[in-house]
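The values are calculated or read from the model by the stated rules, or taken from the named source; none is laboratory data. The model shown is predicted, which means the values in this text are computed figures rather than measured ones. Reconstructed Cβ throughout: ideal geometry from the backbone, glycine too, with neighbour counts over all protein chains shown.
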C-alpha cells in the first residue's frame with residue numbers, strides 16, 4: 001500500500017463535476033453525492049498518477065473503464081474512510097459491475113480529513129470471484145468497529161490482504177505492465 005496526498009485542486013475539480021453531473025448510472029445503489037465525490041476524487045487522483053486526462057463528465061457512461069494503461073482497461077474503486085487503512089479492511093464492490101468490460105481493478109481508500117488516498121492494491125478482474133466473498137442484497141454487514149449496514153445491492157467484499165499490493169506508484173505501474181504483457185501473450 002502507498003498513500004498519495006490529494007491536492008485541493010483535485011478536490012475542487014471533483015466537487016464541481018459531482019455538482020454538475022450524476023455519475024450514478026446503474027439505476028440502483030448509485031451512490032449519493034458524497035459517495036460519488038469519493039469515487040471521482042479517487043479516479044482523478046489515479047488518472048493524474050498515470051498521467052492521463054482526468055474525467056470531464058462529458059464522456060457519458062464509461063462502462064467501468066476509468067483509465068487504459070498498456071492496453072489494460074482499469075476500473076478505479078474508491079471507498080471513503082474515517083481512519084487510516086488496515087490490512088483487514090474490505091473493499092465493497094457492487095456485483096453487477098463485475099460484468100463491465102474491464103481487465104483489472106485498482107482499489108483505493110480516501111481519508112477525507114487527511115486528504116489522503118491510499119492505493120490499497122489491485123486485482124485482475126478474473127480473480128474477483130475467487131478472492132472476494134459474495135453477499136445478497138439486504139444482507140446485514142458488520143464493520144470492524146461494530147457498526148453495520150445493509151447491502152443496497154448484491155455485493156462482493158474483498159479484503160485488502162487479498163489484493164496484489166504495490167509499494168510505490170512505480171511498482172504499481174510495473175505490475176500492471178507485466179499483467180498487460182501476460183494477457184497479450186495468452187490471447
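Can you name every residue in the stretch 62-91 that is buried (at least 17 other Cβ atoms within 10 Å of the Cβ), touching a strand residue (DSSP E or B) at 6+ places or on another chain (Cβ under 6 Å) and not in a loop (DSSP other than H, G, I, E, B)?
67, 72, 74, 75, 76, 77, 78, 79, 81, 90, 91
Read through the list (1) closer than 24 Å to residue 12 by Cβ; (2) touching a strand residue (DSSP E or B) at 6+ places or on another chain (Cβ under 8 Å), then give the number of the only condition that residue 103 fails.
(1)
Determine whether residue 154 is modelled with pLDDT under 90 and touching a helix residue (DSSP H, G or I) at 6+ places or on another chain (Cβ under 6 Å).
Yes.
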